[in-house]
1. Just a yes or no: is a residue in the range 70-91 of a type in the set (Phe, Trp, Tyr), at pLDDT 85 or above and out of contact with any Asp or Glu (no Cβ under 8 Å at 6 or more places or on another chain)?
2. Taking the criterion of being over 20 Å from Ile188 (Cβ atoms) and under 27 Å from the mean Cα position of the chain (by Cα), would at least one residue in the range 91-99 satisfy it?
3. Restricting to the range 112-137, count the residues that are at pLDDT 80 or above and surrounded by 14 or more Cβ atoms within 10 Å (Cβ to Cβ).
4. Do the conditions hold for Gly99, that is, is it closer than 30 Å to Ile176 by Cα, among the small types (Gly, Ala, Ser) and either outside the structural domain of Ile180 (by TED's automatic domain parsing) or at pLDDT 85 or above (or both)?
5. Mind checking which pairs have a first residue in the range 99-115 that is among the β-branched types (Val, Ile, Thr) and a second that is surrounded by fewer than 17 Cβ atoms within 10 Å (Cβ to Cβ), Cβ under 9 Å, 6 or more apart or different chains?
6. Residues in the range 93-111 that are closer than 17 Å to Glu65 by Cβ, surrounded by 18 or more Cβ atoms within 10 Å (Cβ to Cβ) and aliphatic (A, V, I, L, M): how many?
7. Restricting the search to the range 86-119, which residues are within 19 Å of Asp51 (Cβ to Cβ) and assigned to a strand (DSSP E or B)?
Amino acid sequence: MFKNLFLGNTSINFYEKRKLLQNVLIIEVVFFLIVFVSASFGLLNLNFSVDFTGGTTYQFSSDYEKSDIDEILANEILEVSRYQTFENSNSILFRAVEGTQEQETQFLNYLANKFDIDANEIEFQRVGPTFGQEITSSGIRALIIFLSFIVLLISIRFQFRFSIVALIALLHDLFICTSIYLLLNFEITPSTVIALLTILGYSLYDTVILFDKLRDSQRLNKESDLSIKTLNKTFNEILMRSINTSITSAVPIASILFLGNVIGLSGTLTDFALPLFIGIISGTYSSIFVTIPFLSKIINK
């Protein structure tokens, strides 16, 4: 099986497995509903960074141990949402929620005493929510324009119903990523929003490649409508290509996540890499297994 998969010689009957995939899709929809209903009742919450909610940052240079950072994160003066270290430098940056002036001054002195430095050496800055809000509003506008253009383009090049299938696969990937962020309480930064928009392009790339291959197979077989034979043959031909593309894209992104979380190079790069990694895996899955139940509905038996 694995040898045939590697060589692209599989003969899986995807059409016969459509009901199984439909059931899997129903389970996923129920899962999404549970997650988002829980979020609407406040049982789950998106963890927005200070760029969206506003807050304070404290940056300074000092020698430190991991235990020192853990102690800062557990302090009772101000809630610290995250910290960031820098390669080849002993600089460290803490991001905290916005507090009263007295709390911020107390936390500043706490850091100075903890790391035995002068309070004036700590670069303090208040961060307003404006930047994150602008990124979000711009992203929503870009998303609406992007989706409208995609529907038009796919409708012209293929058929309108194909554009609906592509949008369903795309929404599936967005829901998967959002659900993971809700369940695991990962922090959402402007880089996360940008990565989510990047996911859209990757998801649609795989799906459009599939549609193009289906159309070529129909022309080759001189079919006016999609047949079971063409659907099975095309999906078998494209399966390994999709897996290979996913692996070659996901491995370097996984290495970025490894460097960010194990070696300590966290920050904007890993904020961007995490949703991108989730989106690549989900996009590969949805471009084949989410589209099959819908494409099966338009089969010419």
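1. No: zero hits.
2. Scanning the range 91-99 turns up at least one residue that is over 20 Å from Ile188 (Cβ atoms) and under 27 Å from the mean Cα position of the chain (by Cα).
3. Residues meeting the conditions: 7.
4. no
5. Thr105/Ala119
6. 1
7. Ile92, Leu93, Phe94, Arg95, Ala96, Val97
Condition check ((1) over 26 Å from the mean Cα position of the chain (by Cα); (2) in a helix (DSSP H, G or I); (3) at pLDDT below 90) across all residues:
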{"site": "Phe6", "(1), (2), (3)": "yes, yes, yes"}
{"site": "Thr10", "(1), (2), (3)": "yes, no, yes"}
{"site": "Glu28", "(1), (2), (3)": "no, yes, no"}
{"site": "Leu33", "(1), (2), (3)": "no, yes, no"}
{"site": "Leu43", "(1), (2), (3)": "no, no, yes"}
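The values are calculated or read from the model by the stated rules, or taken from the named source; none is laboratory data. Keep in mind that what you see is a predicted model, and the values were worked out from it rather than measured. Cβ atoms come from the backbone with ideal geometry, glycine included; neighbour counts cover every protein chain shown.
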